[in-house]
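S.K.: Quick one: this structure, given as structure tokens, is what I'll be asking you about.
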Amino acid sequence: MKIGILGGTFNPIHYGHLRAADEAREKLGLDRVLFIPSGSPPLKADDIADAGQRLKMTELAVRGNPYFEVLDIESRRPVKSYTVDTLTSLLGTYPEAELYFMLGIDAFLDIPNWYRPDRLMSMVNFVLMSRPGRSFLDIKASPYLRPDADLLKKMDNPGADPVTVRLDTGREIVMLNVTPLGISSSDIRKRLKSGASIKYLLPEQVESFIILHCLYTDENKKN
Ligand code: ATP
Ligand code: MG
């Protein structure tokens, strides 16, 4: 069994996450994709919704897709979870499965700043997904992946087929072009703050939840 894992703040979840996850599922033949919203950070910024609300929005968003599942292993914990700990727990739950940790180029480039990055890179396989604003060529800066520049340049062609690179750790990284959707949670929050529409950027049920709970507006901050 092949299982994809998409972690994120999901503040809020949007079509960029959902579409990338579904394309990765289809291209890699994943049996399912687990969405794992993060817990509350120790120092709560004022534009981050509660862990329970982000979990709920993620559940609303994946409803109707039989391949998608939401796990609350990070959001139900009172302290911040590290990805290495989450993966340790998943490796225990699915000992027979091949796990693929999925992330956009922006998140992949941030891994050296995460807790125990070397350990993380040796635990599971990775799916590295394209994201507008970043190019595969940027991966040149990563200490974990050093394919030649020509290959990366080729990957920056949106029609390029997925490429699998084997790491020294024995794990693999699949570089995958997904339909470019220039959507981000921060942009959605910015729009809400200024009173602009967020229609068609995220599922309707998530939009309704945000409006019902007055999330990401200045009024909400005062409460
Ligand atoms: P923020 O703007 O608050 O950082 P975000 O849109 O980047 O939010 P995250 O929850 O930080 O969303 O991202 C979770 C994962 O999904 C990351 O690996 C990120 O790279 C990936 N991702 C988010 N949006 C897209 C997108 N539009 N296309 C491809 N990957 C995406
Ligand atoms: Mg982000």
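S.K.: List the trypsin sites (Lys or Arg not before Pro) in region 151-223 that DSSP assigns to loop (not H, G, I, E or B) and whose Cβ has at most 13 other Cβ atoms within 10 Å. Which are they?
M.R.: Values: sites: Lys153, Lys154, Arg166, Arg171, Arg189, Lys190, Arg191, Lys193, Lys199, Lys221, Lys222; in loops: Arg171, Lys199.
Sites meeting the loop and neighbour criteria: Lys199.
S.K.: How high is the relative contact order of region 77-160, given as a whole-number percent (alpha carbon pairs under 8 Å, six or more residues apart)? It would help to have the intermediate numbers written out before the result.
M.R.: Values: 70 pairs, mean separation 23.3, N = 84.
It comes to 28 percent, rounded to a whole number.
S.K.: Give me the percent of accessible area attributable to carbon and sulfur for the chain, probe 1.4 angstrom.
M.R.: Of all accessible area on the chain, carbon and sulfur atoms account for 49 percent.
S.K.: Could you work out the relative contact order of region 2-181, using alpha carbon pairs under 8 angstrom and six or more residues apart, expressed as a whole percent?
M.R.: Relative contact order here is 21 percent.
S.K.: In debye to the nearest 20, how big a dipole does region 2-181 give about its Cα centre with +1 on each Lys and Arg Cβ and -1 on each Asp and Glu Cβ? Can you show the working numbers first?
M.R.: Values: 22 positive and 24 negative charges, 27 e Å.
With only Lys, Arg, Asp and Glu charged at Cβ, the dipole is about 140 debye.
S.K.: What lysines does Lys190 reach when the alpha-carbon gap must be under 20 Å and sequence neighbours fewer than 8 apart in one chain are set aside?
M.R.: Lys190 reaches Lys44, Lys199, Lys221, Lys222.
S.K.: Can you find, among Val124, Pro95, Pro37, the residue farthest towards the positive end of the dipole of region 2-181? Put +1 on the C-beta of Lys and Arg, -1 on that of Asp and Glu.
M.R.: Positive-most Cα among the choices belongs to Pro37.
S.K.: I'd like the antiparallel share, as a percent to the nearest 5, of DSSP beta bridges with both residues in the chain.
M.R.: So the antiparallel bridges amount to about 15 percent of the total.
S.K.: Under a 1.4 Å probe, what is the accessible area of region 13-123 per residue, stated in Å²?
M.R.: With all protein chains present, region 13-123 gives 48 Å² per residue.
S.K.: Further, regarding this structure: So if each residue of separation counts as 0.36 nm, and I subtract the Cα-Cα distance between Lys153 and Val79, what length gain in nm does that give?
M.R.: Details: separation 74, 0.36 × 74 = 26.64 nm, distance 4.03 nm.
Extra length available between Lys153 and Val79 comes to 22.6 nm.
The values are calculated or read from the model by the stated rules, or taken from the named source; none is laboratory data. Remember, predicted model here, so these are calculated numbers, not experimental data. Don't worry about glycine lacking a Cβ; one is built from the backbone with ideal geometry, like all the others, and counts go over all protein chains shown. Side chains are part of the model used for accessible areas, which takes the heavy atoms of the whole protein and leaves out ligands, DNA and RNA. Shrake-Rupley method; radii C 1.70, N 1.55, O 1.52, S 1.80 Å.
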